[in-house]
Structure formats: C-alpha cells, structure tokens
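Enquirer: This is the structure I want to talk about, given as structure tokens.
Any read-out appearing in this document is the output of simple, stated calculations on the displayed coordinates, not a laboratory observation. This is a predicted model, so every value here is computed, not measured. Positions of Cβ are generated from backbone atoms using ideal geometry, with glycine treated the same way; all protein chains shown enter the neighbour counts.
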Amino acid sequence: MEIFHKLFASLLGLVYHCFDRLVIQGHLPLLTRPDNIVYFFREVKGIYPITKQALAHRTQEYQRWVEGYARNHHIPLVWPDPEMKKRGIRKEDVVRPYLKAMERRQQFGVYFIFKSMEVGPTFRAVVPRYPTQDPNYRLIYRISSRYTHFYFYLRDPVLGPLVMTVGSFLPFQSTYILNAHDYIAGNSSAAGSASVRTIMLSCRSPIRKPCRPSPIVSAPG
C-alpha cells in the first residue's frame, strides 16, 4: 500500500488504512485471444477443424474432472438452494460449518464447491459465410455467454479462507476472493505480533462493512 501511495499520491484523494476484501483475477495467457485458441487446438492438441463440439469438449472434460475430484474427496458439490436468498441465507453461512471442521482437523484445501450459472468470456466457432481455400477453416470469435462457474471454497496455510471462482468454458477465467483481515490475523498470530492484529481489528466496523478511507488531501472545490 505504501508503494502504491508513493507512486500515485498526486492522483489520490483518499487512501485505505487496510484492505478488507481482495479480488484477484487470473487467466491462462495461451487461452485469451482467438489466435491463441487456434494455436492451442491445432498445434498443442492436434485438433482441427476447431468446431463448436471441440470447444465444448474442453468444458465437458473439466466439469467431469471437478465432479470426480469432489466425489473422491467427499466434498459437497451443489447448486445454491433458490430459497436461500428469500431466507436471507448467504453462501458463507452454508459453508461455515465445513470450514470449522477443516480448522479443527488442522487441514488445508477445498472443503465446499458451489455451482453457479453466470455470464463470462468465451469463444465461438463459426463456419465462414463464403468458401475458403481451407474447407476446415473456422472463424473464432471472443464473446460473452452464460455457462457454469465453480466456486471453490478453500483454506490456505498462508492466505487463510478464500474463494476461487473458475469458469468452466474457455478461457477458464478465474477469480480469487480473500479477506485481508483473515490473512493479517493468521500471519500476525504466527509471528506472535499483537500490534498487527490490533490494527487489523481497529479497521473493522461493527456491521462488517469495508474499511472506510481517510482523506489525505482536501477535495477540489
């Protein structure tokens, strides 16, 4: 945070004393652009032409892998109950007992998986409107579509409890959500530092909202 402030101080009107929720997006560089997709299928996997079925096959393989992983490790893999929202039940409320059980066993890893149907980036293979010299040629477009996403709830020895969301269709975009309070608490506890934990707790609000910013320069006008 100090380095960020040093670099962009002239552009900032406020600063956080600590982070509450961190969101990190990740992706596989080879699967982010249409030409990368063509290279991956044709050169790496030896699949050509790149059809709709070829693209969908990667999704089916990944979904079967997740289902097998959950089954072999006795991890719940479910769709959220539609009644949860009406009853004011959050996903965190559902998975909390599984996290506590893992903490009691002093284990790390995935302890719950939610499935969700959401919009995300993906690719579409289209036959050209006009004939080409290569009859197997396909146009590969990057589009947004609705498909299954997996929410992996896991416990990490360094980062603490976090959620990893992975889209089940190319480019398999992933998002990592973690609570900085848990991270700071875990590291300060391991280091025997009470002062770090005290600072972390002082940043909490009684109704569990994100940390409020403190002004470092006066607002214009």
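Enquirer: Excluding residues on the same chain fewer than 8 positions from Lys91, give the lysines whose Cα lies under 23 Å from its Cα.
Expert: Correct list for Lys91: Lys100, Lys115, Lys209.
Enquirer: Less than 13 Å Cβ to Cβ from Arg42, Lys/Arg counted +1 and Asp/Glu -1: what total charge do the surrounding residues give?
Expert: Details: positive: Lys45, Arg138; negative: Asp35, Glu43, Asp134.
Spelling it out: positives minus negatives among the neighbours equals -1.
Enquirer: Are there trypsin sites (Lys or Arg not before Pro) in the range 48-91 that DSSP marks as loop and that have at most 14 other Cβ atoms within 10 Å, and which are they? Provide the component values of the computation, followed by the final result.
Expert: On the way: sites: Lys52, Arg58, Arg64, Arg71, Lys85, Lys86, Arg87, Arg90, Lys91; in loops: Arg87, Arg90.
When the trypsin sites (Lys or Arg not before Pro) of the range 48-91 are filtered for loop state and at most 14 Cβ neighbours within 10 Å, Arg87, Arg90 remain.
Enquirer: For a distance above 26 Å, tell me the whole-number percent of Cα pairs in the range 27-178 that qualify.
Expert: 39
Enquirer: By the scheme Lys and Arg +1, Asp and Glu -1, what is the net charge of all other residues having a beta-carbon under 13 Å from that of His149?
Expert: Its environment carries a net charge of +2.
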